[in-house]
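**Q** Have a look at this one before I ask anything.
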Amino acid sequence: MVSFKAAALALVTLGSARAQFDNPVPKWTATFRPMLDNTGLVWAPDDSAVYATSSDGAVALFSPDDGTLLGEFQPSGDGTVPFSCNGEVDFNSAGDTVIYAVTEGDSCKVYALGHGSLDVKWESPELAGACEGTPRYADEDAYVFVTHNAADGSAGRFSVLDTAAGATVIYTTEVTEGPFGPFGFYPSPFPGGNYGAGAGNTNDLAVWGLKPSPSATGGENGGVWAFQMPPTTALGGPNVTKIVETTSWRHTSPPLIANMGQWAYWLVSRSAIRAWYSSPWTVGADGEYSFDRGVPSFKAAPYTPASNGDVPTIMCGGPADASFACMDATNIVPSEEGGAPLWSVNTTGTGVYGDPVMSPDYSRVYWADNAGLVSSADPNTGMDGWTAPAGVILEANPVLSSDGGRLFFADVTGIIACWDVAETTLPVPAPPVPGPGAPAPAPSMESLAPSSDGTGGGADTSMPTVAGAGGGPPGAPPTPAGGGGTPTSAGSSVAVFSVIAASIVAALFL
């Protein structure tokens, strides 16, 4: 059942809306390795491939057109040391190299691989402890930032690798307050930060806090740290700055950093959100709201929210229980002060795990819950979308193609699915040079056929039953997201207009 606030915000877009399908059209499935929470799918910037990372430390790329496996890489070993990964790949600015972090026993390594070939360009030295989240290229690819923690959760570590010096570690910091959570990242913040290197530093920014201790049975206090490489004029060397001394919360996913690095939205302990959109990184956030709690009661939503642009008016995400919601991004206030989501919808299972994604024109938000329901909606109203049961457990981060026409998601066993969700104008590029592990046969189209009971027939590789799915865009009327019937409003419907103000404003300051 869907409920929403009787209000509408102007939808900020970067261009005209692409025609959305009334229901998704299954395109292909492919088989990979297990993909649990915080692994995910990444779209290649040249539109040639979809990358996937697995929970057992592998990375692969697939053809976005038919799901053909184009290459796969996993570090070599003697079988006695387990591999694991809880992040995604990150591309360098040239788009010809990807990096990802792999935990190998009790140490963490970052690998740089050629796009397409997956040849190893470099690998980092062993970093103490387990990798945490996705490493990121920083400052025009000169550095790589990576978080890694003591295996027992007793310490958190953040390191900087120098890519020009063979991924040499040039800086590491450690705290004993607890394990670090994955960091949020923002390139070239403006007008810059003051994080131990002087005001106006526009080097790339990383911000993170503490994740719950492995043995946590309740809420824990935390803190917030930030890092930028110092500018060339600085007298001192690299230094992490603790920008919020003590918080009453911790987190499990990166914060969303926005508005040229000055705003942030963070999903934190006890199914709460903290937002900064006026006074960056004050102890008391500008916006605070608490949803119904999940299980356990101190759980933070395990994903990063989505927003409609760098100067957002809408933020989607927040609940750690079995629901999903979108909020006014500049007016997040406690419920006792009249605060409420613009709309909310019940999910199945225990809620959403993978990051929700917004279409490039911000006309749709997509999310998947861990019991296998994939959904879309207008982020302003919660309406004009659809729900489709995949019948499998979904935890990994999904991704959209660059034009928003195709949605890719994966279940915990590693079955990757591609659905057409809107008109697409993507050319079919020549695939990258195949790498190790390729080629593999394209998935059989028989695997796309849904079963008559609408659950995918119980097989992991089957697709959901989708009304109207077939040889072209379905013509059935839209189904409100959540499958609970038509939402009701206390007021009349309000037309939503598309504007390009956010991109213009951002451009003025770049």
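**Q** Go through (1) modelled with pLDDT of 95 or more; (2) over 21 Å from the mean Cα position of the chain (by Cα); (3) open to solvent by 40 Å² or more (accessible area, probe 1.4 Å) and name the single condition Ser84 misses.
**A** Of everything listed in (1) modelled with pLDDT of 95 or more; (2) over 21 Å from the mean Cα position of the chain (by Cα); (3) open to solvent by 40 Å² or more (accessible area, probe 1.4 Å), Ser84 misses just condition (2).
**Q** Same structure again: For the range 10-27: of the residues being among the β-branched types (Val, Ile, Thr) and assigned to a strand (DSSP E or B), which is modelled with the highest pLDDT?
**A** Val25
**Q** Counting just the residues of the range 390-402 that are part of a loop (DSSP other than H, G, I, E, B) and at pLDDT 95 or above, which one comes out surrounded by the most Cβ atoms within 10 Å (Cβ to Cβ)?
**A** Ala396
**Q** Out of the residues in the range 93-142 that are of a type in the set (S, T, N, Q) and out of contact with any His (no Cβ under 9 Å at 6 or more places or on another chain), which is nearest to Phe73 (Cα to Cα)?
**A** Taking the candidates together, the pick is Ser117.
**Q** Take Glu123 and decide whether it is among the charged types (D, E, K, R) and buried (at least 23 other Cβ atoms within 10 Å of the Cβ).
**A** Against the criterion (among the charged types (D, E, K, R) and buried (at least 23 other Cβ atoms within 10 Å of the Cβ)), Glu123 does not qualify.
**Q** Within the range 60-67, does at least one residue satisfy the condition of being in contact (Cβ under 8 Å) with a residue 24 or more places away in the chain and over 22 Å from the mean Cα position of the chain (by Cα)?
**A** Among the residues of the range 60-67, at least one is in contact (Cβ under 8 Å) with a residue 24 or more places away in the chain and over 22 Å from the mean Cα position of the chain (by Cα), which makes the answer yes.
**Q** Would it be correct to say that Val169 is without any contact (Cβ under 8 Å) to a residue 60 or more places away in the chain and touching a Phe, Trp or Tyr at 6+ places or on another chain (Cβ under 8 Å)?
**A** No.
**Q** Something else about it: Could you tell me which residue of the range 169-201 is farthest from Leu127 (Cα to Cα), considering only residues that are open to solvent by 60 Å² or more (accessible area, probe 1.4 Å) and at pLDDT 90 or above?
**A** It comes out as Ser188.
**Q** Please tell me if Ser279 is in contact with an Asp or Glu (Cβ under 7 Å, 6 or more places away or on another chain) and at pLDDT below 95.
**A** yes
**Q** For the range 204-216, which residues satisfy the criterion of being open to solvent by 40 Å² or more (accessible area, probe 1.4 Å) and either hydroxyl-bearing (Ser, Thr, Tyr) or more than 14 Å from Asn149 (Cβ to Cβ) (or both)?
**A** Hit for the range 204-216 is Ser215, nothing else.
**Q** So which strands (runs of 3 or more DSSP E) are wholly in the range 154-204 and hold at least 1 residues that are charged (D, E, K, R)?
**A** It comes to 156-162, 168-175.
**Q** Follow-up. Would you check if there is a residue in the range 53-67 being buried (at least 22 other Cβ atoms within 10 Å of the Cβ), more than 15 Å from Ile99 (Cα to Cα), touching a Ser or Thr at 6+ places or on another chain (Cβ under 9 Å) and not small (Gly, Ala, Ser)?
**A** yes
**Q** So Thr350 fits all but one of (1) within 19 Å of Pro398 (Cα to Cα); (2) open to solvent by less than 40 Å² (accessible area, probe 1.4 Å); what number is the exception?
**A** (2) is the only condition that Thr350 fails.
**Q** With crowded, with 23+ Cβ neighbours inside 10 Å and of a type in the set (S, T, N, Q) as the only criterion, which of Ser335, Ser307, Ser323 stands out?
**A** That would be Ser307, the only listed residue that is crowded, with 23+ Cβ neighbours inside 10 Å and of a type in the set (S, T, N, Q).
**Q** Output yes when any residue across the range 441-454 is open to solvent by less than 50 Å² (accessible area, probe 1.4 Å), hydroxyl-bearing (Ser, Thr, Tyr) and either closer than 18 Å to Ala60 by Cβ or at pLDDT below 90 (or both), and no when none is.
**A** yes
**Q** Could we say that Ser84 is of a type in the set (Gly, Ala, Ser) and in contact with a Ser or Thr (Cβ under 7 Å, 6 or more places away or on another chain) here?
**A** Spelling it out, Ser84 is indeed of a type in the set (Gly, Ala, Ser) and in contact with a Ser or Thr (Cβ under 7 Å, 6 or more places away or on another chain).
**Q** If the requirement is being at pLDDT below 95, part of a loop (DSSP other than H, G, I, E, B) and touching a strand residue (DSSP E or B) at 6+ places or on another chain (Cβ under 7 Å), which of these qualifies: Ala285, Ala340?
**A** After ruling out the rest, the residue left standing is Ala285.
**Q** How many residues does the range 217-239 contain that are open to solvent by less than 20 Å² (accessible area, probe 1.4 Å) and either part of a loop (DSSP other than H, G, I, E, B) or under 17 Å from Val283 (Cβ atoms) (or both)?
**A** 7
**Q** In the range 52-88, what count of residues is obtained for those that are under 27 Å from Phe183 (Cβ atoms) and part of a loop (DSSP other than H, G, I, E, B)?
**A** Of the residues in the range 52-88, 13 are under 27 Å from Phe183 (Cβ atoms) and part of a loop (DSSP other than H, G, I, E, B).
**Q** Another one. Could you check the range 242-267 and list, in sequence order, the residues that are in contact (Cβ under 8 Å) with a residue 40 or more places away in the chain, of a type in the set (A, V, I, L, M), more than 16 Å from Asp355 (Cβ to Cβ) and open to solvent by less than 10 Å² (accessible area, probe 1.4 Å)?
**A** Correct list: empty.
The values are calculated or read from the model by the stated rules, or taken from the named source; none is laboratory data. What you see is a predicted model, and the numbers here were worked out from it, not measured in a lab. Positions of Cβ are generated from backbone atoms using ideal geometry, with glycine treated the same way; all protein chains shown enter the neighbour counts. To get the accessible areas, we keep the full protein, side chains included, count just its heavy atoms, and leave off ligands, DNA and RNA. Shrake-Rupley method; radii C 1.70, N 1.55, O 1.52, S 1.80 Å.
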